[in-house]
Amino acid sequence: MSIAENLQKIQSTLPEEVRLVAVSKTKPNSDLEEAYAAGQRIFGENKVQELAGKHEALPKDIEWHMIGHLQRNKVKYIAPFVALIHGVDSGRLLAEINKQAVKNDRIIDVLLQVHIADEETKFGFDEEELTDFIQGPVFLAMKNVRVVGLMGMATYTSDQEQIRSEFASLSDLFQRLKANNFQYADYFKEISMGMSGDYPIAIEEGSTLVRVGSAIFGSRNYG
Ligand SMILES: *Cc1c(COP(=O)(O)O)cnc(C)c1O
């Protein structure tokens, strides 16, 4: 199937309130152009240099999402244009994003990454760290970042019930934060979870942003 057909097939299964992030990492610009021609406007990349290069080369109405682990010293390269940073996993990274947002005279939307997987290697806050952090003075002083929601990655496993319960735990945390910490923030509304292999489960558990790569563009050789 073509990229356009894959997109159409996936889009037809998404509820209206769920947005599709087309994860185009490692893929050539021609693949992104094909998706763009089919109407796709949100693209996700996980490497700063690749993201900046594609932003430079492709149409300016694309909404670029940074979905991978972001190093503090590279925030400056994407701060002028990035629409959403999904994987903010530390206060120091958020402080750097705030600083670069000030320099660029803009407000940058971010998602805080929560560790939901049963794996040591995944980045992210745990619940206690996260609630402490968002109540602290450092967080409250940052005026140029806007936390619009949470992001999580399930364990890499074939156990569907485990994946479902990890996604459910992220949704549950989101609801509690919304009720207790972000109750007046109508922008706090995104839950980024679900990839090619598990996005239908993620949607059932409340995802608002699915990050789908290989099911659109085919498998990757690397990345
Ligand atoms: C690569 C990647 C995806 C997409 O993975 P697929 O399995 O190809 O859909 C989603 N989220 C993150 C953070 C990624 O790095």
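Remarks
- Computed [θ] at 222 nm, helices only, for the chain once each DSSP H run of length n ≥ 4 contributes -39500 (n - 2.57): -11500 deg cm²/dmol
- Residues of region 194-223 with an amide N closer than 12 Å to a point placed 7 Å from the Cα of Glu119 along the Cα-to-Cβ direction: none.
- Percent RCO, i.e. relative contact order, over region 1-144, from Cα pairs under 8 Å lying at least 6 residues apart: 16 percent
- Rounded to the nearest Hz, the phi-derived 3J(HN,Hα) couplings of region 57-71 under the Karplus curve 6.51 cos²θ - 1.76 cosθ + 1.60 (θ = phi - 60°) are 8, 10, x, 7, 8, 6, 9, 9, 10, 8, 10, x, 5, 10, 8, where x marks glycine and proline.
- Two-decimal log10 I(q)/I(0) for region 1-157, as the Debye equation yields it once each C-alpha is a single scatterer, q = 0.09, 0.11, 0.15, 0.20 Å⁻¹: -0.32, -0.47, -0.86, -1.31
- Stretch in the chain that is longest and holds no GluC sites (Glu not before Pro) that DSSP places in a loop and that have at most 13 other beta carbons within 10 Å: 121-223
- Residues whose placed amide H lies under 5 Å from that of Arg146, excluding near-sequence neighbours: Ile108, Asp109, Val110
- Stokes-Einstein translational diffusion, region 78-223 - Kirkwood Rh over all Cα pairs, 0.692 mPa s, 37 °C, in µm²/s: 206 µm²/s
- Region 60-115: projected area of the alpha-carbon convex hull, averaged over directions, in nm²: 3.7 nm²
- Built amide H within the under 5 Å cut-off of Gln113, gap 5+: Val88, Asp89, Phe125, Met151
- Region 68-171, accessible surface, carbon-and-sulfur percent (1.4 angstrom probe): 50 percent
- Solvent-accessible surface ranking, highest first, for Arg176, Arg211 at 1.4 angstrom: Arg176, Arg211
- For region 11-53, the fraction of alpha-carbon pairs lying more than 13 Å apart is 57 percent, rounded to a whole number.
- Mean accessible surface per residue for region 1-143, computed with a 1.4 Å probe while every protein chain stays in place, in Å²: 51 Å²
- Percentage of interatomic Cα-Cα distances in region 93-153 larger than 18 Å: 38 percent
- 3J(HN,Hα) along region 126-134, derived from phi through the Karplus expression 6.51 cos²θ - 1.76 cosθ + 1.60 where θ = phi - 60°, amounts to 9, 4, 5, 4, 5, 5, 4, 4, 6 Hz, with x in place of Gly and Pro.
- Efficiency of FRET from Cβ geometry, Asn73 and Leu140, R₀ 35 Å, rounded to 0.05: 0.90
The values are calculated or read from the model by the stated rules, or taken from the named source; none is laboratory data. In this text, all values refer to a predicted model and were calculated from it rather than measured experimentally. Ideal geometry is used to build each Cβ from the backbone, glycine not excepted, and the neighbour counts take in all protein chains shown. Ligands, DNA and RNA are excluded from the accessible area calculation, which covers all protein heavy atoms including side chains. Shrake-Rupley method; radii C 1.70, N 1.55, O 1.52, S 1.80 Å.
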